[in-house]
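What follows is a set of notes on a single structure, which appears directly below.
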Amino acid sequence: MAPPKKLKRFPALVRRTMREAGAAATCAAMQLDDGPVQVALFLNMGLARVQGERKLLQRWNRALALGMETDVVNTSSGAVVVLRPQIRLGEGETLAFAILLTPGVGKTDSKSLKLLESQARLSWFFGDADFNVMRSQSHPLQPDQHAEFKRLRRNAFEHDASMHMTARYDAIAAHAKALQHYASHKITPAGKPLS
């Protein structure tokens, strides 16, 4: 199932957020066409470190094999939900990104997880260095995938409730600890794959 064709460039808010955070990937709630608001994934293929994969992606003439691993990292400062979108580009070639969500602060990340619990499809947008859409693809989300997003949100909120009650919640510190966790252990999140 292909996503709507009218999105030619990542939305301004997505571009600004990715630039400010130095992020290679993010997700955002938006309205595609005239349908309901839904979360879409935005992946920056314009980075130097993915130059080879970008060239392969540009030549790829069939549907991409897309998947996602998920996890919740509970730190002493709060919970971080990790989404790891993956693109399988051939035998043994998988390009993975990481999106870190802190649903315990503000409404944006919590809203994204809540939408993922029920939206009909997930759209992926692949952009170049200037955030122009090079390619897009979508796939339906199944009930077990909806349940996984619900589990992620519930687990993060349960952990964050105790952090808020003890005044130890700090989203920035939680983000840093989650990044440090993965950098020091060099592991892939052990959550349930979504594909």
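Quick check, is Ala79 hydrophobic (A, V, I, L, M, F, W, C), under 18 Å from Leu179 (Cβ atoms), surrounded by fewer than 20 Cβ atoms within 10 Å (Cβ to Cβ) and in contact with a strand residue (DSSP E or B) (Cβ under 9 Å, 6 or more places away or on another chain)? Against the criterion (hydrophobic (A, V, I, L, M, F, W, C), under 18 Å from Leu179 (Cβ atoms), surrounded by fewer than 20 Cβ atoms within 10 Å (Cβ to Cβ) and in contact with a strand residue (DSSP E or B) (Cβ under 9 Å, 6 or more places away or on another chain)), Ala79 does not qualify. Of all the criteria given as (1) in a strand (DSSP E or B); (2) free of Cβ contacts under 8 Å to residues at least 40 places away in the same chain, the one not satisfied by Lys55 is (1). One residue alone among Ser112, Ser162, Ser184 is under 29 Å from Arg54 (Cα atoms), modelled with pLDDT under 80, small (Gly, Ala, Ser) and in a helix (DSSP H, G or I), and that residue is Ser184. Looking across region 54-76, the residues that are in contact with a helix residue (DSSP H, G or I) (Cβ under 7 Å, 6 or more places away or on another chain) and either surrounded by fewer than 20 Cβ atoms within 10 Å (Cβ to Cβ) or not aliphatic (A, V, I, L, M) (or both) come down to Thr70, Asn74, Thr75. Taken as a whole, region 26-47 holds no residue that is at pLDDT below 90 and either under 14 Å from Phe149 (Cβ atoms) or assigned to a helix (DSSP H, G or I) (or both). Screening Ser138 with (1) surrounded by fewer than 18 Cβ atoms within 10 Å (Cβ to Cβ); (2) among the small types (Gly, Ala, Ser); (3) within 27 Å of Gln31 (Cα to Cα) gives one miss only, at (1).
The values are calculated or read from the model by the stated rules, or taken from the named source; none is laboratory data. Note that the structure is a prediction, hence the values are computed from the model and not measured. With ideal geometry, Cβ positions are generated from the backbone for all residues, glycine too; neighbour counts draw on all protein chains shown.
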